Amino acid sequence: MGERARSLTQAPAGRRGPGFVDEEGRWVTLKDPWIAAFLAWLLPGLGHWYQGRQAKAILFFVCIMGLFIYGCYLGGNRELGYARVVYASFRPGDMRLYYLCQIGVGLPAMPALIQAARVRQNKPPLWNNFMAPPRLGTDDDNPPTLSRLCYELHAYFDLGSLYTAIAGLLNILVIFDAFGGPLFPESPARKEQEAAQDSPSTAAPAEASETPGAK
C-alpha cells in the first residue's frame, strides 16, 4: 500500500498549487496536471521537467528514448531505410497494431503519420523511407514490401517492433505519474495507526462477579 499524503498537500505560505516535498526537502509544485500529462506524452520526461522533477525527467527520457531509438536501429538499415518498424498503416492486408503502442512516445513517432499521409496521396516517402509504411503489391520496386523487410531484417524486424512498442507503453506509465504526482511508501507509524483503528479491541470490560456466600 502507498499514500499520496505528501504529494497532494497544500502549498506552504507564499507558494501556490498542490505539490510535495522531495527527498532533499525542496517544495515541488505539480502545476497543471493536464499540461504535465500532455508534455509527458509529447516527449518522455518533458512533463516531469515542467513540474521541476528534473531527476525523473532525465531518467525517463534516457531509458524510454534509448529503448525506442535502439528498436528503430534494429528495424532498419541504409538500404531499406531506418526505423522501418515504426509506421502507421491500417490498410487491408497490413494492419499495423504495433503503432498504437509506439505512438505512446509522442513526437518521436510522428514522422510515421506524415509518411502514411504521403503514401495515401500516392506521393513518394521522404527521408529515405524513414518510418514509411511498406508498399503493397509485388516485391519488384521501392519502397520495399513488408515481406522483403522481414526477409532482409530477419528477427531484428520483430525485435525492433517489440522494443519500440514497449517504449510507448512505458511512457503511458510516465504520463500517469506526471498527471497524478508521485506515490510515496506508507510510513510505519501510519501503518501502526491504521492497524490499531481497524483491529477490534481485545480488552474486554471487567465484569463484577458475585459469589453466593453463607450468611
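Of the residues Ala178, Ala167, only one is under 23 Å from Ile114 (Cα atoms), open to solvent by less than 60 Å² (accessible area, probe 1.4 Å), modelled with pLDDT of 70 or more and under 21 Å from the mean Cα position of the chain (by Cα); which?
Ala167
Report, ordered by the first and then the second residue, all pairs with beta carbons closer than 9 Å, sequence separation of six or more or different chains, a first member in the stretch 37-55 that is touching a residue at least 24 places away in the same chain (Cβ under 8 Å), and a second member that is open to solvent by 10 Å² or more (accessible area, probe 1.4 Å) and hydroxyl-bearing (Ser, Thr, Tyr).
Here the result reads Leu39/Tyr50; Ala40/Tyr50; Gln51/Thr29; Gly52/Thr29, each pair linking the stretch 37-55 to a residue that is open to solvent by 10 Å² or more (accessible area, probe 1.4 Å) and hydroxyl-bearing (Ser, Thr, Tyr).
Taking the stated definitions as given, is Ile166 hydrophobic (A, V, I, L, M, F, W, C) and either part of a loop (DSSP other than H, G, I, E, B) or free of Cβ contacts under 8 Å to residues at least 40 places away in the same chain (or both)?
Spelling it out, it is not the case that Ile166 is hydrophobic (A, V, I, L, M, F, W, C) and either part of a loop (DSSP other than H, G, I, E, B) or free of Cβ contacts under 8 Å to residues at least 40 places away in the same chain (or both).
Any residue in the stretch 121-143 that is at pLDDT 90 or above and of a type outside the set (D, E, K, R) sitting within a Cβ distance under 6 Å of a residue that is surrounded by fewer than 19 Cβ atoms within 10 Å (Cβ to Cβ) and part of a loop (DSSP other than H, G, I, E, B)? List the pairs, counting only those 6 or more apart or interchain.
Between residues of the stretch 121-143 that are at pLDDT 90 or above and of a type outside the set (D, E, K, R) and residues that are surrounded by fewer than 19 Cβ atoms within 10 Å (Cβ to Cβ) and part of a loop (DSSP other than H, G, I, E, B), the close pairs are Phe130/Tyr82; Pro134/Thr145.
How many of the residues in the stretch 74-133 are basic (Lys, Arg), open to solvent by less than 80 Å² (accessible area, probe 1.4 Å), farther than 21 Å from Cys150 by Cα and in a loop (DSSP other than H, G, I, E, B)?
Of the residues in the stretch 74-133, 0 are basic (Lys, Arg), open to solvent by less than 80 Å² (accessible area, probe 1.4 Å), farther than 21 Å from Cys150 by Cα and in a loop (DSSP other than H, G, I, E, B).
The values are calculated or read from the model by the stated rules, or taken from the named source; none is laboratory data. All values reported here derive from a predicted model rather than from experimental measurement. Cβ sites come from the backbone with ideal geometry, for glycine too, and all protein chains shown count toward neighbours. Side chains are part of the model used for accessible areas, which takes the heavy atoms of the whole protein and leaves out ligands, DNA and RNA. Shrake-Rupley method; radii C 1.70, N 1.55, O 1.52, S 1.80 Å.
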